[in-house]
Structures are given as C-alpha cells and as structure tokens.
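**Student:** Mind looking over this structure? Questions follow.
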Amino acid sequence: MSDILSVGSTADQNSGIDGGSREGDVLDTGVLRRKYNFGDKVSELSIAQDPFFRFVSKVSKAPTDDPSFKFTERRQSFHKRYVYVNGTTSTYAVDGGGTNVENTTGNTVYLKAYSDMGSGGNLQNIYGQTSQTHAGDSHAQPEFLIPGQILKVNTHTTADQSTSNGYQVVMIDSVDLNTSGYAKVKGTLIKPSGTSASTVYFLDNDITAVSATGTTQNTEYYEPFRNYVVGTAHKAGSGYPETWDDQLFSTGYGQTQIWKTTMAMNNTDRATVLKYEGNEWARIWKEKLIEHKWDIEQSLLFGTQSSNNSVNYTQGAVDWIGTYGNAFSLDIATKTQDDFLDDLSTYLDPRYNSGKASVFFCNTSVWNWLHKLGGYFNNNLSIGSNFNADFAVMGKKAVLGLNSTNISTPFGDMNVVRNVHLDGTNVKLLGINMQYCKYRPLVGNGINRDTSVYVGVQTLENSGVDRRVDQILTEAGMQWEMPECHAVWTA
C-alpha cells in the first residue's frame with residue numbers, strides 16, 4: 001500500500017496516450033498528489049494590441065453600404081494663392097538666373113507666374129513627395145490670378161539667392177493663360193522694394209527645380225520664393241471685376257476588406273472542466289477575438305489598396321501616408337530637438353493643418369526618445385516654475401484604454417501613443433489627423449458586417465460527431481483624405 005500511495009516521483013497516469021506507457025510525458029503535470037502552490041490564477045502579458053484600430057473604430061467610424069465606396073474632399077484655396085515668378089522688364093523669357101527688374105514706381109513688370117498647386121481640387125506640393133504637384137506642371141497653372149489683384153513679389157539685390165531683402169507691390173493689369181504650366185502676367189509696380197538699388201532680382205533661379213526640392217527642403221525654404229496675392233484694388237465705378245472657376249472638390253475611392261477568424265471545438269472538450277480556466281471554449285473565443293483585432297490592426301497599418309482575384313484589400317496608414325503625406329526622416333541618434341521642431345512646423349502649418357485632431361503613433365525607440373527630449377529640460381535645466389521648456393512632457397493620460405503622453409511644443413500639444421506594431425519597421429512615427437481618416441464598416445439592408453460572429457455546427461468526416469464552429473468576421477475599409485494633414489517619419 002505504501003508504494004501505491006507514494007508521493008514520490010510517480011508521474012500522471014495518461015492511459016497509455018504516449019503509446020502504451022502509463023508513465024509517459026505527454027500529459028505529465030508533475031507528481032500526482034502535489035499542488036505545488038500554483039495559486040488560483042495564471043499570469044499573462046497585458047498589451048495594447050490595437051491602438052490605431054481602437055482609435056478609428058471609436059472616434060472615426062463612418063459606415064458604408066457599398067464595398068467599393070467613393071468620396072469627395074473639400075479643399076479651399078484662398079490661403080494658397082501664391083506663385084513663383086520669373087521675368088524681365090521687357091519679356092516673359094527666363095534669362096538663366098535671378099532676373100533683374102527696375103525698382104521704380106510705375107514701371108511695367110512682366111512675370112512668368114508658376115504655381116505648385118493644382119486648381120482642380122487644389123492638390124499641392126507636399127513635403128518629401130517627388131510625385132506630387134510641382135511648379136511647371138500643366139494642371140498647376142495659376143488660374144486664380146486676375147486683373148485688379150495685387151501681388152507681393154519678393155526681391156533680392158543679387159541673383160540666385162534664397163532669402164529676401166524686401167518686396168515689391170505689383171498691380172496685375174492682364175493675365176494670359178494661353179500657355180502650359182504657367183501664366184503670363186503684366187503688371188504695374190506700385191511700391192518698389194525697400195532698397196536703394198535701381199534694379200533688384202526676383203528670387204527665381206530655376207523655379208521648377210526649386211519646387212521639386214521637397215525631398216530635402218522644408219516649408220521655410222519655399223517661403224522666400226512664394227509671392228502671395230495680397231488683395232485687390234479698383235477704380236470707383238469700374239463695375240464687376242473678373243473671376244475664376246475654383247474647383248473645391250477632389251474625389252477618391254476606397255474598398256472594404258474581409259477579415260475572418262475561425263474557431264472550432266467538439267462538445268466533449270466544451271463540456272470538460274479544466275484547471276485555471278475551466279471553460280476551454282471561452283478561453284479560445286476570447287483569444288481568437290484578440291487575434292482578429294490584431295490582424296485588423298496590422299492591415300490598417302501596412303495594407304495597400306488593391307483588388308486581385310476578386311479579393312479586395314483596403315488602404316493602410318503607412319502605405320497611404322508614405323505615398324501621399326508629408327515624409328520626414330528620423331534617426332534618433334542624430335535628430336535634434338530643433339530638427340524635429342522644424343518638421344512639426346512644416347506638418348502643422350496652420351494654413352491647412354491645425355493639428356488639433358492629430359495623434360502620433362510611434363515605435364518603442366521613438367517613444368523613449370520623445371520622453372528623453374521632453375524630460376531633459378525639466379530634469380536638468382529648469383529653474384522653479386518660472387521657466388518652461390518649448391518641448392516638455394506635460395503629463396500622461398488614458399485615452400480609450402491606451403496610455404497617451406501629452407507633449408507641449410510651440411506648435412501645440414502632441415498626443416503620443418506607443419504602437420508596438422511599428423517596432424522592427426522603418427516607420428518611426430506616424431502623425432495622423434483623425435479628422436481626415438475614417439474606418440468604414442459595411443452596413444446595409446439590416447446586415448452589419450462590423451465584427452459579427454457567425455455560429456454553425458460541423459459534422460466530422462467518417463465519425464458522425466458534431467462540433468461547434470464559430471467565425472468572427474469583419475468587413476470594413478479605410479478612407480483617407482487631405483494628404484498634407486498626415487505625416488510619416490522613417491529611418
């Protein structure tokens with residue numbers, strides 16, 4: 001009897017599952033009668049599995065009733081009426097460098113006026129994107145120029161300079177649009193540049209090349225070359241002036257993608273009570289739901305919009321923003337706080353992106369880097385409460401169950417969320433304006449395909465045994481608008 005009741009090294013009895021031996025290791029959980037003080041719970045890793053999916057499904061959901069949906073975006077142009085200029089006092093030709101003009105009131109000025117904003121939908125040159133609109137493109141002719149407008153034209157005292165020493169005020173007398181890629185403008189000099197020089201130079205150089213340098217230059221680089229409309233002036237009783245056809249709308253389309261996650265179990269296993277989590281079916285269902293959401297998160301980040309063999313794929317954030325949005329570089333070993341603030345200045349230009357709805361998703365290394373930048377001043381240089389850092393961590397908060405850090409900058413507060421899905425990729429940081437992206441589940445005719453569960457019963461082949469089969473299904477797509485309102489920082 002003592003041998004039978006021994007609490008020594010006897011293993012679990014597994015009914016010969018390992019091939020006949022009663023002391024095999026297939027179901028071995030330790031000595032038969034000992035508890036080992038396991039406790040009542042098993043620890044498990046708690047992670048934020050799906051930060052981007054959680055945000056868009058909570059705050060940016062707009063159901064669609066068509067798996068191939070179309071949309072329009074409204075893009076005002078009143079704050080983008082600027083041109084790059086070339087010209088001389090007698091012709092519209094470019095002379096190969098910074099073109100000199102007489103700096104005398106009343107002088108006639110001839111300009112070749114270029115724009116890098118398409119008037120149809122107002123699609124513009126975007127930082128870091130060589131494929132976007134540039135000066136000289138046929139669809140970017142500055143149709144907004146009309147007689148009676150006043151142009152502020154930046155000048156310099158020497159040729160081929162990228163900074164301005166003053167500006168001229170030019171009244172537009174006539175505009176010729178019978179060209180491709182630019183407008184011929186004839187005007188009268190109302191105010192000479194603030195210099196004693198009898199002639200000054202336009203900041204032109206090869207302006208089509210200047211506009212194409214978006215891959216290396218930031219917004220501040222462009223500004224000295226941009227000449228803005230600064231109002232109109234007309235004679236009393238002169239009647240109605242001319243106008244121009246402003247096409248406000250751009251169109252786009254998106255597609256829904258179908259995600260499926262299936263789980264199955266026979267009724268014998270469903271009825272078996274286990275240690276720790278007694279209901280194995282409930283455990284599997286919970287983990288499959290997390291797996292399903294994990295897959296959606298990955299697709300909404302890294303997917304690309306296409307259709308192949310009747311399978312639709314929706315547009316992911318990284319692919320869309322990397323193709324159409326602002327593109328910056330970020331090497332945390334060399335990137336300084338000043339460089340990063342320059343990037344934010346370009347991305348958060350208040351003329352088109354207020355940034356109030358922007359959320360910054362970053363990988364782990366950038367998450368640490370931002371906290372180091374934000375905490376350095378307060379920890380090492382601050383003097384009481386009288387001096388504050390321009391780039392400072394203001395606090396942490398939970399947003400939709402996710403840890404979010406609020407970082408104060410001169411361009412507003414950054415809401416930064418760590419996204420582990422970006423770890424191991426070249427994507428360091430995504431700035432997404434949640435106002436201009438939508439999660440679009442397919443809903444129509446009383447059917448909701450936004451994370452639905454379908455239950456069925458399947459009979460196992462040659463056994464006649466039924467098993468429970470559940471399927472988690474989601475059909476949804478992403479809609480992206482306003483590329484200049486989103487940004488990506490890559491290695």
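The values are calculated or read from the model by the stated rules, or taken from the named source; none is laboratory data. The structure displayed is predicted, hence computed values, not measured ones. No Cβ is skipped: glycine too gets one built from the backbone with ideal geometry, and neighbour counts run over all protein chains shown.
**Student:** Checking G231 against (1) in contact with a strand residue (DSSP E or B) (Cβ under 6 Å, 6 or more places away or on another chain); (2) at pLDDT below 90; (3) not charged (D, E, K, R), only one condition comes out false. Which one?
**Tutor:** Against the list (1) in contact with a strand residue (DSSP E or B) (Cβ under 6 Å, 6 or more places away or on another chain); (2) at pLDDT below 90; (3) not charged (D, E, K, R), G231 comes up short only on (2).
**Student:** So for region 191-212 (the condition being under 26 Å from L344 (Cβ atoms) and modelled with pLDDT of 80 or more), does at least one residue qualify? Working first, answer last.
**Tutor:** Here is the first cut: in region 191-212, the residues under 26 Å from L344 (Cβ atoms) are 203, 210-212.
After this cut, where a residue has to be modelled with pLDDT of 80 or more as well, the list is none.
For region 191-212, residues under 26 Å from L344 (Cβ atoms) and modelled with pLDDT of 80 or more: absent.
**Student:** Still on this structure: Kindly indicate the residue of region 346-363 that is among the aromatic types (F, W, Y) and under 19 Å from Q129 (Cβ atoms) and also surrounded by the most Cβ atoms within 10 Å (Cβ to Cβ) among those meeting that condition. Reasoning before the result, please.
**Tutor:** Within region 346-363, the first condition is being among the aromatic types (F, W, Y), and the residues that meet it are 347, 352, 360-361.
Imposing the further condition that a residue be under 19 Å from Q129 (Cβ atoms) reduces the set to 347, 352.
Values: Y347: 25, Y352: 15.
Among those residues, the one meeting the criterion is Y347.
**Student:** Kindly indicate whether G446 is surrounded by fewer than 17 Cβ atoms within 10 Å (Cβ to Cβ), modelled with pLDDT of 90 or more, under 30 Å from A264 (Cβ atoms) and small (G, A, S). Full working, then the answer.
**Tutor:** Working: surrounded by fewer than 17 Cβ atoms within 10 Å (Cβ to Cβ): yes; modelled with pLDDT of 90 or more: yes; under 30 Å from A264 (Cβ atoms): yes; small (G, A, S): yes.
It is true that G446 is surrounded by fewer than 17 Cβ atoms within 10 Å (Cβ to Cβ), modelled with pLDDT of 90 or more, under 30 Å from A264 (Cβ atoms) and small (G, A, S).
**Student:** Would you confirm, using the coordinates I've provided, whether V318 is surrounded by fewer than 13 Cβ atoms within 10 Å (Cβ to Cβ), out of contact with any Gly (no Cβ under 6 Å at 6 or more places or on another chain) and more than 30 Å from V169 (Cβ to Cβ)? Reasoning before the result, please.
**Tutor:** Working: surrounded by fewer than 13 Cβ atoms within 10 Å (Cβ to Cβ): no; out of contact with any Gly (no Cβ under 6 Å at 6 or more places or on another chain): yes; more than 30 Å from V169 (Cβ to Cβ): yes.
Considered against the rule, which asks whether it is surrounded by fewer than 13 Cβ atoms within 10 Å (Cβ to Cβ), out of contact with any Gly (no Cβ under 6 Å at 6 or more places or on another chain) and more than 30 Å from V169 (Cβ to Cβ), V318 comes out as no.
**Student:** Further question on the same structure: Can you give me the ranges of the strands (runs of 3 or more DSSP E) entirely in region 283-329 with at least 2 residues that are over 25 Å from C362 (Cβ atoms)? It would help to see each step written out before you state the result.
**Tutor:** Working: elements: 306-308, 311-313, 326-329.
Answer list for region 283-329: 306-308, 311-313.
**Student:** Let me ask something else about it. Test S164 against the stated conditions and say whether it is under 14 Å from N103 (Cβ atoms) and modelled with pLDDT under 90.
**Tutor:** Yes.
**Student:** Looking at (1) in contact with a Leu (Cβ under 9 Å, 6 or more places away or on another chain); (2) within 29 Å of E287 (Cβ to Cβ); (3) surrounded by fewer than 16 Cβ atoms within 10 Å (Cβ to Cβ), can you tell me which one P410 breaks?
**Tutor:** Failing condition for P410: (2).
**Student:** Say we look at region 325-334 and pick out the residues that are touching a strand residue (DSSP E or B) at 6+ places or on another chain (Cβ under 8 Å) and either buried (at least 17 other Cβ atoms within 10 Å of the Cβ) or among the β-branched types (V, I, T) (or both); which of these is nearest to G477 (Cα to Cα)?
**Tutor:** Restricting attention to region 325-334, the residues satisfying the condition of being touching a strand residue (DSSP E or B) at 6+ places or on another chain (Cβ under 8 Å) are 325-330, 332.
Filter once more, keeping what is either buried (at least 17 other Cβ atoms within 10 Å of the Cβ) or among the β-branched types (V, I, T) (or both): 325-328, 330, 332.
Details: G325: 19, N326: 22, A327: 23, F328: 26, L330: 29, I332: 33 Å.
So the residue we want is G325.
**Student:** To continue, here is another question. Going residue by residue through region 266-287, is there one that turns out to be modelled with pLDDT under 85, more than 30 Å from Q168 (Cβ to Cβ), among the polar types (S, T, N, Q) and surrounded by 13 or more Cβ atoms within 10 Å (Cβ to Cβ)?
**Tutor:** Yes, region 266-287 contains at least one residue that is modelled with pLDDT under 85, more than 30 Å from Q168 (Cβ to Cβ), among the polar types (S, T, N, Q) and surrounded by 13 or more Cβ atoms within 10 Å (Cβ to Cβ).
**Student:** Of the conditions (1) modelled with pLDDT under 90; (2) within 30 Å of F71 (Cα to Cα); (3) loosely packed, with under 13 Cβ neighbours inside 10 Å; (4) small (G, A, S), G239 clears all except one; give me its number.
**Tutor:** For G239, the exception is condition (2).
**Student:** Just for region 31-85: of the residues that are β-branched (V, I, T) and within 25 Å of L400 (Cβ to Cβ), which one is modelled with the lowest pLDDT?
**Tutor:** Only one residue fits best here, namely I47.
**Student:** Restricting to region 313-336, give me the number of residues that are under 12 Å from the mean Cα position of the chain (by Cα) and among the β-branched types (V, I, T).
**Tutor:** Here the count works out to 3.
**Student:** Report, by residue number, each residue of region 354-366 that is in a helix (DSSP H, G or I) and either within 17 Å of the chain's Cα centre (by Cα) or at pLDDT below 90 (or both). Working first, answer last.
**Tutor:** Initially, region 354-366 is screened for residues in a helix (DSSP H, G or I), giving 364-366.
Of everything in region 354-366, just one residue is in a helix (DSSP H, G or I) and either within 17 Å of the chain's Cα centre (by Cα) or at pLDDT below 90 (or both), namely V366.
**Student:** Quick check on my filter: what residues within region 325-353 are among the β-branched types (V, I, T) and at pLDDT 90 or above? Quick ask: steps written out before the conclusion?
**Tutor:** Of region 325-353, the ones among the β-branched types (V, I, T) are 332, 334, 336, 346.
Hits for region 325-353 are I332, T334.
**Student:** To continue, here is another question. K275 passes all but one of (1) part of a helix (DSSP H, G or I); (2) not assigned by TED's automatic domain parsing to the domain that holds I472; which number fails?
**Tutor:** (1)
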